[in-house]
Amino acid sequence: MTKQSKSCGGQRPTAGKRSSSQTGIVRPVDRHSGRLETRRRAGSPPIRPETRRGLTLASRPPVAVSAIPLVLITAVFAVQLQAGSLSGRVLDPHGAAVASVRLRLFDRSGGPVRHAVSREDGSYLFQNVLPNEYLLEGETPDAALAGSSALSIHGDARFDLSLAVSATTVEVFVTASSTPVPDDEVAKALDAVDDEETALRNEFSLAEAIRTMPGVRVQQLRGPGSFVTLQTRGLRSYDTALLVDGMRFRDAAAPQGDATLFYQDMSLVDTDRVEFLRGSGSSLYGSHAIGGVINVRSHHGGGRPHGEIRAEGGGLGMLRGNARAGGGLAEERFQYSAGLSHLNVTRGYRGASPFRNSSAQGWVRHSLRPDLSLSGRIWWADSFRSLVENPAFPGSVLANFPSTGTVRAVALPVSQLSLLERGEPYSAGAATFVPDQLDPDNRNSSGFRAAAFMLRHDVSPGSAYQLSYQSVGTQRRYQDGPGGPGLYDPDVSNDARYKGETHTVLLRTDHRIGKVHLASFGYEFEHESYWNFNTDESPSPAESTTEIYQGSHAVFAQDQLSLLDGNLRINLSGRAQRFVLGSPRFSGTDGPYAGSRADSPQTSYAADAAVAYFVRSSGTKLRSHIGNAFRAPSLYERFGGSFSSYAGSFTYWGDPRLAAERSLNTDFGIDQWLFDSSVRLSGTYFFTNLVETVIFDFVNFPANDAFGRFGGYRNAGGGIARGLELSTQVAPSSGTSLRASYTYANSDSRTPTIGTDFFQIPGLSAHVYSATASQWIGQRINVTFDMFAASDYILSPYGAQGRKLLFGGPVKADIVFRYDLPLEGSKRMEFYGKVENAFNHDYYEDGFASPGAWMIGGIRFRY
């Protein structure tokens, strides 16, 4: 399918002249003029917790749970809304019908997303549609054409959606305001990748899916399944919050209580899209949303039965299978989508780094009646991986260090590394560090589940409430023994286990007030628990167990204002969150906290304001965003520690007195659409002031610590991060898509990070580049290329004696070749091959080696 040529112009189209027959009432609303017209846009005693009247607050039933019976009664006896339908056809730029277009109908009040697929004649149908304001979005299977429109639907309605060449295929976003918003109304820096783009790039992990977005530096220490960090706008990895369908996912047992330790396990099995909001997000999403928010949105099913079966394999001994199915039943009253995946990397890098992952993801929704629905979703994963020893600095490489200044990181060659691992003599040559070494008895198993249930009741057009419950469980186990190369191996085998649980109840209501306001109010209760067990296999095993519980209560509010005929959008939001500590318990060790009073963390407050102004005549959007954010100290930072097999003892690092981290964030930017939306340019300047942080400190740790620690966690003065994000998206024709981004980040700490005179953030690449190009050759062959590159960075790994090492920045390019074979109806087969690290670039992330060029091939059947 080819697209007719577009005339050149600066204005982003706000209304297209398309045929649209109407029955019932459907109003395609021009959001910028207010006119009714179509739009097209392409053992020891416990610590004494804080208590009230003898009852630990963390153990009290949350208010929202107590209110569940009232909510259900109200839903059953409330006046029912009458549902209608939306039908029509999907048309290409020439007015011809387009089949197999994936359609999404977004409820602007935050209701569930409805899905449909156009038939052979281009027709589509959404049933049981309540009267309200909606956004309709469509995209062809090859991502060549896209379109969207704002609709006001009452009763049975008909609307024909026209598609066009568009620089962006994702045109409706949710994460910026927690309700659906079209691209030209978004007042914050936000990008997204949908499942069609990840399919063209053949990416299956969350980290790889977002690697090419502006503002983020993705770092993976080895091949598939290895440790992953995400740095947003020059901040730390745990300054980015992770959401699953709008609700927080985090590991309550992690050192910083975030999701970082599970990025490596997150396969996009049944994911519709991933949205990445940059900037403060705590006013809507709570703790950890300092640098940004990643929102993984599940497929919601609906429409005709559809799905896929995939099998692929190749280099590193990799084998992967995936199956998905979705659809709707009983006139769409029951909608479902689910997927299963298994990945087995039998050899991995250097033939001795196996990794296995099994994952499941699914969503179901049942409409009890048109205005009352019950939904559920789950994301589950179980993984096993072989671990390696950290990069090391034996005397033979330390001798190559210059006496002063920065040391260029030069890796010990693999041939010599193999000798070292076997305990044989080796030659250091010019090497200044020993990269990660194979360790046959060092391993990790991990898993998570994130399950949720949502009850939604639409009370009237534009007014609804939703009661949600989510349970997140995480478990990690680390086992290591003396069988490695000996540089960092313990004397005896040891075993460390961690379990985290968070239970969240969220009650939220959204109300459209006139034509100006969309107001949201909510209450959230979260209960989290931390459990850690450590032991070893010495003749007299040393064991320790730590259990901690904490609850929090939060209230939040938001108002989205539409002014000046829709050209001016203002978002205001705020949140207050109070924390209540339970009773920490320790056994097997003499903890330093016994008998001390452990006060709950102080109440945290967040406020946020974002403004966007759209200039219709030139297709220009000006936006600005300011807000403060916070991160509550984790349970590990307050009471955690680690076991040393060398010393046969447990060392505590935590400080129960820690205050929350606080930041002030601001950014302003411009988005420009050109040539009838086939070009989109974007630029953003950002500044973050970390007012107060929590650091792990040995060098400047205060003497005479109240808990007898010689090092550990303490509050510090924070720092600043500032920089620039630039991106462009170009679609010169329906078969060509080009994207590129550049990020500059400059981050400094107010306390030294290396030695006594270095204040930059270690491990940060100041310059990050990415590019993606996708080209269809005819209607069956596609070639997609993507590349990621980062500048050199400074780090001082453990064992480097406090010296600064300069590591070369990574360059990673992938290329995918795909051939589509149409079958009967909408069925088709896809045959593809992919070359990872196509330039065979040899790079070391934080001293960990990465595989050179390797290839996979696969087949996918879609129906």
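The values are calculated or read from the model by the stated rules, or taken from the named source; none is laboratory data. This is a predicted model, so every value here is computed, not measured. Positions of Cβ are generated from backbone atoms using ideal geometry, with glycine treated the same way; all protein chains shown enter the neighbour counts. For the accessible areas, the whole protein counts, side chains as well, though only heavy atoms, and no ligand, DNA or RNA atoms are used. Shrake-Rupley method; radii C 1.70, N 1.55, O 1.52, S 1.80 Å.
Out of all the residues in the stretch 430-442, is one or more part of a strand (DSSP E or B), over 30 Å from ALA259 (Cβ atoms) and not charged (D, E, K, R)? The answer is yes; a qualifying residue exists.
Can you tell me which residue is most open to solvent (accessible area, probe 1.4 Å) among those in the stretch 465-493 that are of a type in the set (A, V, I, L, M) and modelled with pLDDT of 95 or more? Of everything passing the filter in the stretch 465-493, LEU467 is most open to solvent (accessible area, probe 1.4 Å). Check whether at least one residue in the stretch 431-442 is surrounded by fewer than 22 Cβ atoms within 10 Å (Cβ to Cβ), at pLDDT 95 or above and closer than 23 Å to VAL296 by Cα, and report yes or no. Checking the stretch 431-442: not a single residue is surrounded by fewer than 22 Cβ atoms within 10 Å (Cβ to Cβ), at pLDDT 95 or above and closer than 23 Å to VAL296 by Cα.
Among the residues of the stretch 527-541, just one is closer than 25 Å to GLY281 by Cβ and open to solvent by less than 10 Å² (accessible area, probe 1.4 Å), namely TYR530. Evaluated against (1) in a loop (DSSP other than H, G, I, E, B); (2) in contact with a strand residue (DSSP E or B) (Cβ under 6 Å, 6 or more places away or on another chain), GLY486 falls short on exactly one condition, (2). Every condition in (1) open to solvent by less than 20 Å² (accessible area, probe 1.4 Å); (2) out of contact with any Ser or Thr (no Cβ under 7 Å at 6 or more places or on another chain); (3) over 16 Å from GLY257 (Cα atoms); (4) assigned to a strand (DSSP E or B) holds for LEU561 except the one numbered (1). Looking only at residues in the stretch 727-739 that are within 23 Å of the chain's Cα centre (by Cα) and of a type in the set (Ser, Thr, Tyr), the one that is surrounded by the most Cβ atoms within 10 Å (Cβ to Cβ) is SER727.
One line per residue, one yes/no per condition, for (1) over 14 Å from the mean Cα position of the chain (by Cα); (2) polar (S, T, N, Q); (3) closer than 30 Å to GLY122 by Cβ:
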site	(1), (2), (3)
GLU139	yes, no, yes
ALA146	yes, no, yes
ARG158	yes, no, yes
VAL172	yes, no, yes
ALA176	no, no, no
ALA187	yes, no, no
VAL218	no, no, no
ARG222	yes, no, no
GLY225	yes, no, no
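Any residue at all in the stretch 652-663 that's over 30 Å from GLY582 (Cα atoms) and in a strand (DSSP E or B)? No, the stretch 652-663 contains no residue that is over 30 Å from GLY582 (Cα atoms) and in a strand (DSSP E or B). Answer yes or no as to whether ARG104 is at pLDDT below 95 and open to solvent by less than 10 Å² (accessible area, probe 1.4 Å). Answer is yes for this residue.
Checking the stated criteria, SER177 turns out not to satisfy the condition of being open to solvent by 10 Å² or more (accessible area, probe 1.4 Å), among the small types (Gly, Ala, Ser) and touching a strand residue (DSSP E or B) at 6+ places or on another chain (Cβ under 7 Å). Scanning the stretch 324-377 for residues that are buried (at least 23 other Cβ atoms within 10 Å of the Cβ) and among the basic types (Lys, Arg) gives ARG365, ARG377. Once the stretch 564-591 is narrowed to residues that are touching a Pro at 6+ places or on another chain (Cβ under 9 Å) and crowded, with 19+ Cβ neighbours inside 10 Å, the residue that is modelled with the lowest pLDDT is GLY591.
Looking at the stretch 183-195, can you tell me whether even one residue there is open to solvent by 10 Å² or more (accessible area, probe 1.4 Å), in a loop (DSSP other than H, G, I, E, B) and at pLDDT below 95? Checked against the condition, which is being open to solvent by 10 Å² or more (accessible area, probe 1.4 Å), in a loop (DSSP other than H, G, I, E, B) and at pLDDT below 95, the stretch 183-195 yields no hits at all. When the stretch 740-764 is limited to residues that are part of a strand (DSSP E or B) and open to solvent by 50 Å² or more (accessible area, probe 1.4 Å), the one that is nearest to GLU661 (Cα to Cα) turns out to be GLN760. Scanning the stretch 201-211 for residues that are over 12 Å from the mean Cα position of the chain (by Cα) and modelled with pLDDT of 95 or more yields ARG201, ASN202, GLU203. Restricting PRO131, PRO93 to those that are at pLDDT 90 or above and touching a His at 6+ places or on another chain (Cβ under 6 Å) reduces the list to PRO131. The condition of being over 25 Å from PHE630 (Cα atoms) and open to solvent by 30 Å² or more (accessible area, probe 1.4 Å) does not hold for SER544. What strands (runs of 3 or more DSSP E) lie completely within the stretch 247-335 and have 1 or more residues being within 30 Å of GLY640 (Cα to Cα)? Hits in the stretch 247-335: 247-249, 292-298. Filtered by the rule that a residue be part of a strand (DSSP E or B) and open to solvent by 20 Å² or more (accessible area, probe 1.4 Å), the stretch 714-726 gives ARG714, ASN715, ILE720, ARG722, LEU724, LEU726. The single condition from (1) touching a Ser or Thr at 6+ places or on another chain (Cβ under 8 Å); (2) at pLDDT below 90 that ALA647 fails is (1). Residues in the stretch 446-457 include none that are open to solvent by less than 60 Å² (accessible area, probe 1.4 Å) and in a loop (DSSP other than H, G, I, E, B).
Note on the stretch 547-558: residues that are open to solvent by 30 Å² or more (accessible area, probe 1.4 Å) and of a type in the set (Val, Ile, Thr) amount to 1. In the set (1) assigned to a strand (DSSP E or B); (2) surrounded by fewer than 17 Cβ atoms within 10 Å (Cβ to Cβ); (3) in contact with a Phe, Trp or Tyr (Cβ under 6 Å, 6 or more places away or on another chain), the condition left unmet by LEU419 is number (1). Filtering the stretch 797-820 for residues that are open to solvent by less than 60 Å² (accessible area, probe 1.4 Å), part of a loop (DSSP other than H, G, I, E, B) and hydroxyl-bearing (Ser, Thr, Tyr) leaves an empty set. Between a residue in the stretch 483-494 that is at positive phi and any residue that is at pLDDT 85 or above and surrounded by fewer than 19 Cβ atoms within 10 Å (Cβ to Cβ), which pairs come within a Cβ distance under 8 Å, given they are 6 or more apart or on different chains? Taking only residues 6 or more apart or on different chains, the pairs are GLY486/GLY423.
Answer yes or no as to whether LEU374 is at pLDDT 95 or above and out of contact with any Ser or Thr (no Cβ under 8 Å at 6 or more places or on another chain). Considered against the rule, which asks whether it is at pLDDT 95 or above and out of contact with any Ser or Thr (no Cβ under 8 Å at 6 or more places or on another chain), LEU374 comes out as yes. Is it fair to say GLY110 is more than 34 Å from the chain's Cα centre (by Cα), open to solvent by less than 40 Å² (accessible area, probe 1.4 Å) and at pLDDT 55 or above? In short, no. Count, please, the residues in the stretch 665-710 that happen to be open to solvent by 30 Å² or more (accessible area, probe 1.4 Å) and either at positive phi or of a type in the set (Ser, Thr, Tyr) (or both). Count: 6. Mind counting the residues in the stretch 829-863 that are open to solvent by 20 Å² or more (accessible area, probe 1.4 Å) and of a type in the set (Asp, Glu)? Of the residues in that region, 3 qualify.
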